[in-house]
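The block underneath contains the structure these notes are about, expressed in structure tokens.
The values are calculated or read from the model by the stated rules, or taken from the named source; none is laboratory data. Fair warning: this is a prediction, and the values are worked out from it, not measured in the lab. Please note: Cβ atoms are built from the backbone with ideal geometry, for glycine as well, and neighbour counts cover all protein chains shown. SASA here: full protein model, heavy atoms, side chains in, ligands and nucleic acids out. Shrake-Rupley method; radii C 1.70, N 1.55, O 1.52, S 1.80 Å.
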Amino acid sequence: MQSGEDSAATPGEAPAVVACSLCQSSLTLEADVSPQQLVCPSCGLEQIWTAPKPPEPEEESHEPVVEPASSDPLDRWLAGEPIVVQRSRGLKRLNRWRRRHPVRSAACATLVVTLVLAIVVPTLGYLRVSEDLKLKHFSASERQRSDERARQELLGQVREAHRQRRETEAQCALRNQEALERCADVASQYRMAIAQRLADQSQELADQKPTRAMQLAVESLGITIREGQSPIASAHQNLRELLEDFGVQTLAGHTDKISSLAFSPDGRRLASGSYDETVRVWNLVSGDVVGSSIVLRGHRNRVSCVRFTPDGRRLISGSFDSTARIWDLTASDPSATAHVLRGGAGRIGVLAISRDGEWLATGGGGFRMEESCAFLWAIKHGSPVKTPIALRGHAARIRALAISPDSRWIVTAGDDRTVRLWNFAAGNAPTSAIVLQGHRAGISAAKFSPDGRWLVTADHSTGETQHTARVWNVAALGTSDPTVLAGHTAGIRALDVSPDGRWLVTASDDSTARVWDLTARNPAANPVVLRGHTGAIRFVSISRGGRWLVTGSDDATARLWSLGDDGPSTTSVVLRGHEGRLTALAISPDDQWLATAGEDNNIRIVTLRLDSLINLARERTLLAAAKKDSHKDTK
């Protein structure tokens, strides 16, 4: 026997218990005795136990030293020889136990196998199921991704198809729209050709068949109105002549030349100033316009200009008697309550009122330089101040004066060929002016565009000097040169700017008016020349709605020009009736009336409403037809 694996002793110490080599019974060892002879109490086998040698340091082996078993211990024991106890290994011991206990070992093996199978088989099944599930999940994910890719591709195709369809529809709609526009243009041109033909026929029949001519003129104008086009001038002219003086009022009362006309802001009243030293206010909605007129007396010389305040409650007049008068039209006797403004010895020839009604500017001059001065009056609150602000600097008579729409700038210009721009921002009294030079003759007209961006000035002379209008950029004064508009062969008498600020019209002694497009890259290029007058054009005005352009001339006529998006028409309606040259002209703010004054000392009020003319013409046509039928029935 040698040391066994059952011993709990460490190497070099005697184990407390060893197993019998034959029956595996436990044998108790004595401490610190080696070798020892042991006798198994169970089987009686004598055995010798030898303590194992301590392990060598370098190998540190814990294996007990066992004598080599040259022969089977049982054979030695049967031979009566002592046996050395050998330490048995686990597998050998298990094998011997299996041989001694076959049933138990079989049961244990069965149990172990059963347990292993009970653990392994479900585990393998679980792993297999898990793998199957993973595979199915992977397959499902792949299918889902594949389906999503297919769906996205399909959606892309659908979107592309929709995009192509929309593009096709848009192209078709655009082609259809273009085709419709072409058709509409062709149809409009055809209808306008019919309108022109009707207008021509109306002129041909005017003397022989006036009723038929009136019908044709009405049809022609109706077509142009429905088409949104400018009325054909010949049809308009013929209709006015056939209707004779319908829509025309003649206002008589002044005993001398009428120098100025002005409508009230509501268009219901008209003011006139005359060389007879009076101002008259005409109530145009009264049944008796002449009889209900108000005569304002007080000036001691000719009245040169009249203007209503923005609220329409007061009227301001300027005179060559060196005074301006403010007439309160709400008073029972405006002449008795008039405020007299005296600023200097010079004659007042022009005046302007700020858009907010707070400031009044007057200008003029005389034979002396000190008389060529403009004055600024505060008139909004109660009575006007008695001491005005003097704007000095001109060396000759002031003929043009204007206030910018924002009431910041006041412009004065005159015979000294200079334009002076006074900055009146924030209510500060201007002490110096920006002097604009460049005109070669005395300046006759100056006006701001409605948006205040441009200042337009024009000169007038009877000599051979070039006659020009100049357009100044108010925001860039001193840093940019003005646009020079040349082309007139005689002095420019008047100018006006359309409400949208696009069109500038200049009127000249050369019997023409020129219309310039201020929005063009080069406004000086290709102006529209309006011809027809046989005398100098002294007055020009554009209606508040921008539809009509009116010129007044020394040939005793006013001409009505249609103004559209493409510019003015080159044919006009001639408005006759005055004896002698025209002396004043004005259009009502509602574009309903045109007022003209002539050397015959009369005022003519002409309606500008085509619908009124057309309605009257239809009524007269119906009356003529009714009379004709009645005459047939009588026969």
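Points to keep in mind about this one:
- Label-point separation in nm, ASP147 to ARG165, each point 7 Å along Cα→Cβ: 2.5 nm
- Distance between the modelled labels on CYS172 and ALA378, one decimal in nanometres: 7.2 nm (7 Å Cα→Cβ projection).
- Packing-based ranking of 617-624, 495-502, 371-378 yields 371-378, 495-502, 617-624, ordered from highest to lowest mean Cβ neighbour count within 10 Å.
- 17 Å cut-off, amide nitrogen to a point 7 angstrom out along ASP266 Cα→Cβ, residues in region 322-348: 328-332
- Shape descriptor for the chain: Rg over Rh equals 1.77 (Cα atoms; Rh from the Kirkwood inverse mean 1/r).
- Charge tally for THR337 (other residues, Cβ to Cβ under 11 Å; Lys, Arg +1; Asp, Glu -1): 0.
- Judged by the mean number of other Cβ atoms found within 10 Å, the most tightly packed of the peptides 190-197, 228-235, 359-366, 247-254 leads the ranking 359-366, 228-235, 247-254, 190-197.
- Comparing LEU29, GLY253, PRO102 along the charge dipole axis of the chain, the residue lying farthest to the positive side is GLY253, per the Cβ-charge model.
- Expressed as a whole percent, the accessible area of the chain that falls on carbon and sulfur atoms is 50 (1.4 Å probe).
- Nitroxide proxy distance, nm - points 7 Å out along Cα→Cβ at LEU127 and ASP200: 10.8 nm
- Heavy atoms of the protein chains alone define the surface here; on that basis the chain has 53 Å² accessible area per residue at 1.4 Å probe size.
- Highest to lowest packing among 274-281, 527-534, scored as the average C-beta count within 10 Å: 274-281, 527-534
- Karplus (6.51, -1.76, 1.60) ³J(HN,Hα), θ = phi - 60°, over region 561-571, in Hz, Gly and Pro reported as x: 10, 7, 10, x, 5, 8, x, x, 6, 8, 10
- Annotation: extensible slack from LYS92 through GLU241 equals 39.0 nm (criterion: 0.36 nm per residue apart, minus Cα-Cα distance).
- Compared with the alpha-carbon gap, the fully stretched path from CYS183 to GLU358 is longer by 57.5 nm at 0.36 nm per residue.
- For the chain, with +1 on Lys and Arg beta carbons and -1 on Asp and Glu, the positive-most of TRP422, GLY364, ALA446 along the dipole: GLY364
- Applying 1/(1 + (r/R0)^6) with R0 = 41 Å to the Cβ-Cβ distance of ILE48 and HIS137 gives a FRET efficiency near 0.05.
- Axis angle, to the nearest 10 degrees, between helix 610-634 and the longest C-alpha principal axis of the chain: 60 degrees.
- Three-way shape call for region 343-461 based on the alpha-carbon gyration tensor, with the a/c threshold at 1.5: oblate
- Between the Cα long axis of helix 210-226 and the first principal axis of the chain there is an angle of about 30°, rounded to the nearest 10.
- The Cα atoms of region 312-358 define a convex hull whose projected area, averaged across directions, is 3.6 nm².
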